[in-house]
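None of the figures in this text is laboratory data; all of them are computed from the coordinates on show. Please read all numbers here as calculations on a predicted model, not as lab measurements. Counting neighbours? That spans all protein chains shown, and the Cβs are built from the backbone with ideal geometry, glycine included.
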Amino acid sequence: MVHSREDSITCGQIMPQGGIQALEAMLYTLDQRRQQLGKHSHWLQSTINRPLAPPTPVPFADYVNDEEVDSEPHSQHVGNLDYGNNHFDLDSYQRYANIELPTIMAAAGASTRSGRHRGRHVMPQNSNNNNNQANNMMLPLISELGGKYLRSLPDSVDFLQDRLHATQAQRHWPVKREAIVEGDVILGALMMVHSREDSITCGPIMPQGGIQALEAMLYTIDRINEMDLLPNITLGAHILDDCDKDSYGLEMAVDFIKGSISNIDDAEYHCNKTQVRKVISGVVGAASSVTSIQVANLLRLFRIPQVSYFSTSPELSNKQRFEYFSRTIPSDHYQVKAMVEIVKSMGWTYVSIIYEESNYGIKAFEELEELLARHNICIAIKEKLVKDSGVAEDIAYDNIVQKLLTKPRARGAIIFGSDQEVRQVMRAVRRANATGAFSWIGSDGWSARNLVSDDYEPEVEGTLSVQPQANPVRGFEEYFLNLTVENNQRNPWFVEFWEDHFQCRYPGSTSTPYNNYTRTCTTKERLSRQNTDFEDQLQFVSDAVMAFAYALRDMHRDLCGGRPSLCDAMKPTKGADLLKYLRKVQFKGLSGDDFRFDGNGDGPARYNIIHFKQSVAGQYRWVKVGEYYEGELRLNMSEVKFKLLHPTPPESVCSLPCERGQAKRYVEGESCCWHCFNCTTYQIRHPVDETHCLVCKLGTLPDAHKQYCRPIPEVYLRPESAWAIGAMAFSATGILITFFVVGVFVRHNDTPIVRASGRELSYILLAGIFMCYGVTFALVLKPTNIVCAIQRFSVGFCFTVVYAALLTKTNRIARIFKAGKQSAKRPSFISPKSQLVICTCLVSVQILINGVWMVIAPSHAMHHYPTREDNLLVCDSYIDASYMIAFFYPILLIVVCTVYAVLTRKIPEAFNESKHIGFTMYTTCVIWLAFVPLYFGTANHVPLRITSMSVTISLSASVTIACLFSPKLYIILVRPERNVRQSMMPPRYGNMHRTAGTGPSSMMAAAVVTAATCAQEEKLQKHITPTETEHSIKAKKLCEMATQTIALSSIFASLDCNAYNQIPYADQYVPNNTTTATPTANGTSTEPTDEQVVANNNKINQQQHGQANVVVVVSATDATSATEVVPTATSNGSRRAPVLQTNL
């Protein structure tokens, strides 16, 4: 590691310690070793000069030699050796080899096999060779080693052959064999012909995944050459055995790159120029993922494409690491998904996982762990099966089964491994007497393999396994069943298969560690469908060969222009170019299925779900029960029977699911075992964290099963409810009455009673009453932001309008009498226009308050939860009693108005509405005092609370309209004869003093005279044509003021003389309060005398007492009427109040 690693470029900076220093340490060690070996040079020289007797030839076994021996003599080669520079340390080599070697005998000749197979055999040694000393340099070693033999020698000594061979076969295993099919384009192949063993390199023959896979490749090559897929090009093969071992497979794969090295340029890469190795265009294999990874790393250096047929590790999909690797079988990434879907369909939540210690198993386990956790499926036990590090003993498998038995509730177990390891698991299950304790989910590495199920059917029963979807290769079964040892010479391992299949020793076969059969084969045995089980996934082997063939065809068409045979551009084929064509192939294979590689160079993700069960008692077989295609599992559960009489899938859960409304409390150290506890009344189990209970938020309650929080229905005053209908009916009645009053007043707008009540303020008062009734309809609407704003504004505003008008009236009366007590000056702002301005100002204060309130705290609808089981939809003012802000100002008006009503309570009733206003205020206060506790006491009952508010508002309006307007309506409608100015006189003043100048009777007499005169004028106007002159207009206004003034007569009885004399008129038409004389038309002024005033008073008294004829004295010289306030002196010399005089 001289340079560090970089992502952007191949090599980074220099590595001082781990790189340069490590390199120098190696060189130093080699120098020291060379110095130690130098002292043995004398031994090597003496050995060369020592005469040797020719050895006695002994025939070698057929499988002993695994290298082809050149028949040419090597005397010259040996004679030219520089033995002075080749030293050998015997002691060191003994430690290096550590292998027994019997006495070597001379080899005898052995005939080679004919045909296209080139078997590896020991060539006969020439005993008469003159260079025996050179050719048999090891003979002196034999005598000194005393029975030790050397399997291979270090490179410090040159020998004729790399290995020495023993006469005992079992001492040298395996024998390197190869199956060769000659052709123009050669494909290499690594087949799992033998199984893996720990004590020795290769184990027994593998009938299905080994021999049948090899024959499927040979069969496919034959078909390709027969169908002329490649124009005048023959496809050949160079097949080796990897014994399902990555290190041995890598050693075998070195043969595939020798051709690429030896044919580079010069002869320095090969010793014999006449022997030219053919370049391997591509490699089919290996079977196992771990071997494919090792081989892929080697082949990518020489840009040789590789297509595997059984390697399924997801790691191989990484094209940055394995760019020249492809496969016809899908990745385990999809197989893992299919297995998880099976677990889910079984309803299992607690399973164990057993996976082999290889890239195939580890990568699958990592994805399994992730997917199971994603679907809330827990892993009870996780155990590894020894594979890469060797072959485990029985005790290791027994320990695995014992650990599985510690979790009895985890009945389901996933096994991701190969058939050899899984067979050992089943043996351990039987030894532990645990047959039937587990239900297996198997991977494609052992599904439908007889090696697992044979003799262990009860242990395997019920297995659901995932197997890549593959159909039989057409014609292969007939081809294979017709094979014999005699007609299948190209397969050097077929005789071992034959002996294993028929359990006999074939005549003339070589000895192996596994063919120690006592029975001899008759050579008449034949394969049949009854005694032969076929591998189900041979389609992937055939598709791998077909993929190369179609890629070579497309490449030949583009590079050679369709010309037959290989052109120079394909001698040899370039791996990088071939890879491009390989990834693009699309064809229909010998199985009839369409094939193409996906974006990662993997085969299409199609899986069969197969099930091992008893069809009848004692008869077991694998049956297809479903499939997994493009992420969807289709499983026929009616065909799944884990036991013959128990079709229901076993239960594989640690703890049963908690009931509804219960949460989990996990057992310490266990992720899938828990205890259940109940959630409280207002809690549900947390939807994400099942260990906690979740309190339902306000406005929601747990459902009956406490699975989710359901919203509480909103409670508000609905328009269709009885409460709302009653309130609206009451308000509607009030509105009708209000309209009726307004209609009456409008119709009798010019009558004395309407005029005397102050028409402008009366209409404002009626408008406020109407709004009070209308608030009810806003209160019964469903609360929204707009509705709440309307309610907030209207509730206070309507009262403000009503009580502002009442306050204006009572304030005017109080100010008049207060001014009358203090001076004779007329009070300010008592005219109708002034009263409207005052009322408007009072109402504006409420508008300002509402406006500021809306800006600071805008109204909005909200949910209110007075208790956990309530969900009230109300306006925000409903919650915090902020309605009092809207009511504060109207209440203030009510209080002030009530005070004024108290102050004017002794005014005579015939004068004005003072007592009626007072009664209205008293009643209103009583109503609202009763409403306050009712309002705050019904906070949890929205309909009752809103109804009580609306009814209270409507009731206040009803009291107002009843107390203030019902007397007027009575006079207008029932007693219209009293709707005259005379009727407004208090009865106690019917017999007033007829003298003027003393007491309050003088003033009252003048006012009565004025009113009576106006009444007589109206009667006269009915019989003559009215003319609108300035005089008539002024007289009319004067009459109206006199009429309202008379209404004040009842006040005089309770006031002192000074206050009594200060009363002005309601609509007094005078420019100022000074005492003036009204000029006449001729420019002179007339001042009525006391005698004229007394005469007018007498006339009025006569009219009141039933006298029909009243003489009205009108000055002939007066064109207009004039009024004069004549101050008179009392008997004690003081000035008395002004007396209103009217002249017509």
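Taking a virtual spin label 7 Å from the Cα of Tyr666 along the C-beta vector, which residues in segment 372-386 bring their backbone nitrogen under 17 Å of it?
372-382
For Arg519 and Asn318, calculate 0.36 nm times their separation in residues minus their Cα-Cα distance, and state this gained length in nm to one decimal. Don't skip to the answer; put the middle values down first.
Details: separation 201, 0.36 × 201 = 72.36 nm, distance 5.08 nm.
Extra length from Arg519 to Asn318 when fully extended: 67.3 nm.
Quickly rank 491-501, 966-976 as a protection proxy: mean count of other C-beta atoms within 10 Å, highest first. Walk me through the intermediate numbers first.
Numbers: 491-501: 21.1, 966-976: 14.6.
Highest-to-lowest ranking by the protection proxy: 491-501, 966-976.
Calculate the FRET efficiency for Cys841 and Arg759 from the Cβ-Cβ distance with a Förster distance of 22 Å, rounded to the nearest 0.05.
Working: r = 20 Å, r/R0 = 0.90.
E between Cys841 and Arg759, to the nearest 0.05, is 0.65.
Can you run phi through the Karplus equation (6.51, -1.76, 1.60; θ = phi - 60°) for segment 846-853 and list ³J(HN,Hα) in whole Hz, with x for Gly and Pro?
5, 4, 5, 4, 5, x, 5, 4
Hey, rough spin-label estimate for Ala576 and Thr406, points 7 angstrom out along Cα→Cβ, what's it come to in nanometres?
Inter-label distance under the simple model: 5.5 nm.
Toward the positive end of the charge dipole of segment 831-982, about the Cα centre and with charges on Cβ (Lys, Arg +1; Asp, Glu -1), which of Asn850, His860, Phe919 goes farthest?
Phe919
Show me, for segment 363-380, the HN-Hα J-couplings you get by feeding each phi into the Karplus relation (A = 6.51, B = -1.76, C = 1.60, θ = phi - 60°), rounded to Hz, glycine and proline as x.
Values per residue, Gly and Pro as x: 5, 5, 5, 4, 6, 4, 4, 5, 5, 5, 5, 5, 9, 6, 10, 8, 9, 7 Hz.
Just want the ordering: Thr220, Thr938, Thr648, Thr904, from fewest to most Cβ atoms lying within 10 Å of their own Cβ. Kindly include the intermediate steps, with their values, before the conclusion.
Values: Thr220 26, Thr938 16, Thr648 10, Thr904 23.
Going from sparsest to densest Cβ surroundings: Thr648, Thr938, Thr904, Thr220.
Quick check on segment 303-447: take the gyration tensor over C-alpha atoms, sort the square-rooted eigenvalues as a ≥ b ≥ c, and tell me if it's rounded (a/c under 1.5), prolate or oblate. Let's see the in-between values first.
Details: a/c = 2.41, a/b = 1.48, b/c = 1.63.
Since a/c reaches 1.5 but b/c is at least a/b, the shape of segment 303-447 is classed as oblate.
Student exercise: in segment 722-971, how many lysine pairs 8 or more apart or on different chains have Cα atoms under 30 Å apart?
For segment 722-971, qualifying lysine pairs total 24.
Order these by the 10 Å Cβ neighbour count, fewest first: Tyr763, Tyr803. Walk me through the numbers on the way to the answer.
On the way: Tyr763 15, Tyr803 31.
Final ranking by Cβ density, sparse to dense: Tyr763, Tyr803.
What dipole magnitude, in Debye to the nearest 20, does segment 722-971 give about its Cα centre under +1 on Lys/Arg Cβ and -1 on Asp/Glu Cβ? Working shown, then result.
Values: 19 positive and 8 negative charges, 244 e Å.
Using Cβ point charges on Lys, Arg, Asp and Glu, segment 722-971 gives about 1180 debye.
Apply 1/(1 + (r/R0)^6) to the Cβ-Cβ distance of Cys925 and Ile725, taking R0 = 25 Å, and write down the FRET efficiency to the nearest 0.05. Don't skip to the answer; put the middle values down first.
On the way: r = 29 Å, r/R0 = 1.16.
Computed FRET efficiency for Cys925 and Ile725: 0.30.
Just check segment 785-856 against the gyration tensor rule for me: Cα atoms, a ≥ b ≥ c as the square roots of the eigenvalues, rounded for a/c under 1.5, and otherwise prolate or oblate depending on whether a/b exceeds b/c.
prolate
Please check which bits of segment 212-250 a label hung off Cys567 would reach, taking the label as a point 7 Å along Cα-to-C-beta and the cut-off as backbone N under 14 Å.
Backbone N within reach: 231.
What is the list of residues in segment 646-667 whose amide nitrogen lies under 11 Å from a point 7 angstrom out from the Cα of Phe677, following Cα to Cβ?
Inside the label zone: 663-666.
Expected output is a single nm value to one decimal: the length gained when fully extending between Ala25 and Lys782, i.e. 0.36 nm times separation in residues minus the C-alpha distance. What is it?
Details: separation 757, 0.36 × 757 = 272.52 nm, distance 9.15 nm.
Once the chain is fully extended between Ala25 and Lys782, it gains 263.4 nm.
Could you calculate the contour length gain from Asp554 to Glu478, that is, 0.36 nm times the residue separation minus the distance between their Cα atoms, to one decimal place in nm? Each step should come with its number before you reach the end.
Details: separation 76, 0.36 × 76 = 27.36 nm, distance 3.08 nm.
Result: 24.3 nm gained on full extension.
Given a cut-off of 29 Å, name the pairs among Lys258/Lys319; Lys176/Lys588; Lys344/Lys664; Lys403/Lys641; Lys363/Lys643 whose C-alpha atoms lie farther apart than that in the structure shown.
Numbers: Lys258/Lys319 25 Å; Lys176/Lys588 35 Å; Lys344/Lys664 21 Å; Lys403/Lys641 26 Å; Lys363/Lys643 32 Å.
Violating the 29 Å limit, Cα to Cα: Lys176/Lys588; Lys363/Lys643.
Which of Leu190, Leu761 has the fewest other C-beta atoms within 10 Å, and how do the rest follow up to the most? Intermediate values should be presented prior to the final figure.
Details: Leu190 27, Leu761 20.
Fewest-to-most ranking of Leu190, Leu761: Leu761, Leu190.
What FRET efficiency comes out for Leu903 versus Glu714 if R0 is 30 angstrom and r is the Cβ-Cβ distance? Round to the nearest 0.05. Numbers along the way, then the final one.
Details: r = 50 Å, r/R0 = 1.66.
Working from the Cβ atoms, E equals 0.05.
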